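The values are calculated or read from the model by the stated rules, or taken from the named source; none is laboratory data. Just so it is clear, the structure is predicted and the values come from calculations on it, not from any experiment. Please note: Cβ atoms are built from the backbone with ideal geometry, for glycine as well, and neighbour counts cover all protein chains shown.
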Amino acid sequence: MSANRPGAITPMLPSGSFDGRVALITGGGSGLGEMIAYHLAALGATAVLIGRRADPVEAVAAAIRKRGGSADAFAADVRDRERVEEVVTETVARYGRIDHLVNNAAGNFRVAPEKMSPNAWNAVVRIVLDGSWHCTQTVGRHVIGRGGGGSVVSIGTTPALFGGADTAHSASAKAGVLAMTKSLALAWGTHGIRLNVVTPGLTDDTGAIGQLFPDADDYQANLAKIPMGRHANRDEIASAVTYLLSDHAGYITGQNLIVDGGRSLGIG
C-alpha cells in the first residue's frame, strides 16, 4: 500500500481535534498504521511513524507533509527496547512531548500449533506483546514525568477473544496486549492516561488478508460469515482509533472496541 497512497482523507472527528498533539504510531509504513497516521495528521497531530524499515515510514511521512500535515519517521524495531527508548527521547527532543501512542506493529501467519517452531512463536510474541510493552511503558513514563494526560490505543484481534486454531501465537500475544491494557488503565488512571484496544475484523488494503487467506475459496468462506457481508475499510478502523485517542472519549479506558461487522457474534 505504501507505493499507492490513499485518496482524500475524511476523518470523523471535528477539524483540529488533535491540534498541538504528538502521536507515535508503530507499524506506520503501510496498512492500518499508515491510515491512522493520515487521520491523526489531518486532525492536527504531528504523526511520528515507526517501522522496521526506513523507506516505507519515510514515504508515508513525506506524503503527509505534502498534504500539509506534520509528520516524522524513525526506523526502529519495537522488539529492541533500547531503540524504542532512543526514538521516544528523540521525539520529545524534537517536538517537546508525546501525547498519544498507537501500538499497531504486528506479525502473523497461519500454522498448525503442533507444527509451530519456537522461533515462529517467539517472532510473533516478541513483536506484538513485547513490542507493545516496550513502547507503552516508555511513552507512559514520559507522560507521567511531564505531569500526565495522554492516551494509548493498541490494535487487537478477535482470535484473542475466541481462539485462533492456526494463529495461536498471535492470539496469545494479542490477548496479552488486552490484559496489559486493562492493567495499565487501572494503574495509570490517576495520571490521566487512558488505554484502550480497537479490535478490527479483516480489513481491506492490509497485509493480513493476503497472509491469512491466500486461497480464494477460504477467503469467500470467511467473508460469508460476516453479517454485514463485507470487510472493513481502513478509514473505518482509523476513525475508531482516533475517537478512542481523542478527548471525545475522555471517560473511556480499559475497553476493547470490536469493529468486525458482527463476525464475532456467531463465534461468541
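Give the residues of segment 161-176 that are among the hydrophobic types (A, V, I, L, M, F, W, C) and either modelled with pLDDT of 95 or more or within 14 Å of Leu195 (Cα to Cα) (or both), sorted by residue number. Before the answer, list the steps.
Of all residues in segment 161-176, those among the hydrophobic types (A, V, I, L, M, F, W, C) come to 161-162, 165, 168, 171, 173, 175.
Those that are among the hydrophobic types (A, V, I, L, M, F, W, C) and either modelled with pLDDT of 95 or more or within 14 Å of Leu195 (Cα to Cα) (or both): Ala168, Ala171, Ala173, Ala175.
Mind listing whichever residues of segment 189-215 are aliphatic (A, V, I, L, M), at pLDDT 75 or above and outside any loop (DSSP other than H, G, I, E, B)?
Pass one, segment 189-215, residues aliphatic (A, V, I, L, M): 193, 195, 197-198, 202, 208-209, 212.
Subsequent filtering for residues that are at pLDDT 75 or above retains 193, 195, 197-198, 202.
Ile193, Leu195, Val197, Val198 - these are the residues of segment 189-215 that are aliphatic (A, V, I, L, M), at pLDDT 75 or above and outside any loop (DSSP other than H, G, I, E, B).
Name the single residue, out of those in segment 135-172 being of a type outside the set (A, V, I, L, M, F, W, C) and in contact with an Asp or Glu (Cβ under 8 Å, 6 or more places away or on another chain), that is nearest to Ala185 (Cα to Cα). Steps first, answer last, please.
In the first step, residues of segment 135-172 are kept if they are of a type outside the set (A, V, I, L, M, F, W, C); the result is 136-138, 140-142, 145-151, 154, 156-159, 163-164, 166-167, 169-170, 172.
Of the ones still in play, those that are also in contact with an Asp or Glu (Cβ under 8 Å, 6 or more places away or on another chain) are 138, 149-151, 158.
Details: Thr138: 15, Gly149: 12, Gly150: 11, Ser151: 10, Thr158: 21 Å.
The residue in question is Ser151.
Is it the case, given these coordinates, that Arg141 is more than 20 Å from Ser264 (Cβ to Cβ), among the basic types (Lys, Arg) and surrounded by fewer than 18 Cβ atoms within 10 Å (Cβ to Cβ)?
Details: more than 20 Å from Ser264 (Cβ to Cβ): yes; among the basic types (Lys, Arg): yes; surrounded by fewer than 18 Cβ atoms within 10 Å (Cβ to Cβ): yes.
Considered against the rule, which asks whether it is more than 20 Å from Ser264 (Cβ to Cβ), among the basic types (Lys, Arg) and surrounded by fewer than 18 Cβ atoms within 10 Å (Cβ to Cβ), Arg141 comes out as yes.
With respect to Asp166, is the statement that it is more than 29 Å from Gln137 (Cβ to Cβ), part of a helix (DSSP H, G or I) and not small (Gly, Ala, Ser) true? Let's see the steps before the verdict.
On the way: more than 29 Å from Gln137 (Cβ to Cβ): yes; part of a helix (DSSP H, G or I): no; not small (Gly, Ala, Ser): yes.
No: the conditions fail for Asp166.
Can you tell me which of Gly229, Gly261 is modelled with pLDDT of 85 or more, outside any helix (DSSP H, G or I) and either touching a Lys or Arg at 6+ places or on another chain (Cβ under 8 Å) or among the aliphatic types (A, V, I, L, M) (or both)?
Numbers: Gly229 fails: either touching a Lys or Arg at 6+ places or on another chain (Cβ under 8 Å) or among the aliphatic types (A, V, I, L, M) (or both).
Matching residue, one of Gly229, Gly261: Gly261.
Given the conditions (1) surrounded by fewer than 20 Cβ atoms within 10 Å (Cβ to Cβ); (2) modelled with pLDDT of 95 or more; (3) touching a His at 6+ places or on another chain (Cβ under 8 Å); (4) of a type in the set (A, V, I, L, M, F, W, C), which single one is not true for Ala179?
(3)
In segment 125-159, which residues are part of a helix (DSSP H, G or I), closer than 23 Å to Ala240 by Cβ and modelled with pLDDT of 95 or more?
Step one: of segment 125-159, the residues part of a helix (DSSP H, G or I) are 125-145, 159.
Pick out the ones that are also closer than 23 Å to Ala240 by Cβ and you get 127-129, 131-133, 135-136, 139-140, 143, 159.
Answer for segment 125-159, where residues must be part of a helix (DSSP H, G or I), closer than 23 Å to Ala240 by Cβ and modelled with pLDDT of 95 or more: Ile127, Val128, Leu129, Gly131, Ser132, Trp133, Cys135, Thr136, Val139, Gly140, Val143.
Inside segment 232-257, can you point out the residues that are among the β-branched types (Val, Ile, Thr) and either over 19 Å from Lys182 (Cα atoms) or in a helix (DSSP H, G or I) (or both)? If you could, list the steps in order and put the result at the bottom.
In the first step, residues of segment 232-257 are kept if they are among the β-branched types (Val, Ile, Thr); the result is 237, 241-242, 252-253.
Ile237, Val241, Thr242, listed by residue number.
Restricting to segment 51-69, count the residues that are within 21 Å of Gly16 (Cα to Cα) and within 19 Å of the chain's Cα centre (by Cα). Can you show your working first?
The first filter runs over segment 51-69 and keeps only residues within 21 Å of Gly16 (Cα to Cα), leaving 60-69.
Next cut, within 19 Å of the chain's Cα centre (by Cα) only: 60-61, 64.
Looking only at that region, the number is 3.
If you scan segment 224-261, which residues turn out to be on the phi < 0 side of the Ramachandran plot and among the small types (Gly, Ala, Ser)? Break it down stepwise before answering.
Taking segment 224-261 first, the residues on the phi < 0 side of the Ramachandran plot are 224-228, 230-253, 255-260.
Correct list: Ala224, Ala232, Ala238, Ser239, Ala240, Ser246, Ala249, Gly250.
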